[in-house]
Amino acid sequence: MHQVIAGIAISAVLVAASLYLHFSVLRAMSGHFARAKTAIKRPMMTVMTVIFFTHLVEITLFAAAFNIMGHVGLGKLSGAYNSTAVDYFYFSIATYSTLGIGDIAPDGAMRMVAGVEALAGLLLIAWSASFTYLMMERLWASGEDRE
């Protein structure tokens, strides 16, 4: 029962942090491009780059949590895994993107967090796609993203 409660609590904190980060970044970009005639030659490339790195930060948050959880006994990873930071990051990318290769499997509280990460990743990727569409519509209709 302790593992389940820990998994739920850790998941809640990670999802809240990811949602707040994502909202803040998208809101800042929207405000920046709405109020200023941008000097950036290709605003959509900026939007896509910032969104990509935002997802990487969110993935890194989950990877760090998996690493900490493994060290404090709140689960473990098994399979093609060597307990390195790169392994946690790789597992987090596969989980966040819902790719789910299956070469690394979580156990204990990590199972709960991995399931929630997949749901959060799906939601945040869809949010990014919607935002990208709206920015394309706004920037391309106004001619701001042309050379």
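List of remarks:
- Residue check, L99 under 23 Å from W127 (Cβ atoms) and open to solvent by less than 40 Å² (accessible area, probe 1.4 Å): no
- Put simply, of G7, G75, G79 the only residue that is touching an Asp or Glu at 6+ places or on another chain (Cβ under 7 Å), farther than 22 Å from I125 by Cα and touching a residue at least 40 places away in the same chain (Cβ under 8 Å) is G75.
- Number of positions in the range 111-144 that are within 17 Å of the chain's Cα centre (by Cα) and either of a type outside the set (V, I, T) or at pLDDT 95 or above (or both): 20
- Scope the range 78-109; condition of a type in the set (A, V, I, L, M) and under 23 Å from L19 (Cα atoms); matching residues: I93, A94, L99, A109
- The single condition from (1) surrounded by fewer than 21 Cβ atoms within 10 Å (Cβ to Cβ); (2) in contact (Cβ under 8 Å) with a residue 12 or more places away in the chain that T84 fails is (2).
- Filter result for I10 (open to solvent by 80 Å² or more (accessible area, probe 1.4 Å) and β-branched (V, I, T)): no
- The range 30-40 - residue that is free of Cβ contacts under 8 Å to residues at least 12 places away in the same chain and in a loop (DSSP other than H, G, I, E, B) and, of those, nearest to G115 (Cα to Cα): I40
- L56 within 14 Å of G121 (Cβ to Cβ), free of Cβ contacts under 8 Å to residues at least 24 places away in the same chain and either open to solvent by less than 70 Å² (accessible area, probe 1.4 Å) or polar (S, T, N, Q) (or both): yes
- Applying the criterion of being over 9 Å from the mean Cα position of the chain (by Cα) and polar (S, T, N, Q) to the residues of the range 46-62, the residue that is farthest from M135 (Cα to Cα) is T49.
- A65 being open to solvent by less than 60 Å² (accessible area, probe 1.4 Å), within 12 Å of the chain's Cα centre (by Cα) and at pLDDT 90 or above: no
The values are calculated or read from the model by the stated rules, or taken from the named source; none is laboratory data. Treat the numbers as computed from the prediction; the structure is a model and nothing was measured. A quick note on method: Cβ atoms are made from the backbone with ideal geometry, for glycine too, and the neighbour counts reach across all protein chains shown. Ligands, DNA and RNA are excluded from the accessible area calculation, which covers all protein heavy atoms including side chains. Shrake-Rupley method; radii C 1.70, N 1.55, O 1.52, S 1.80 Å.
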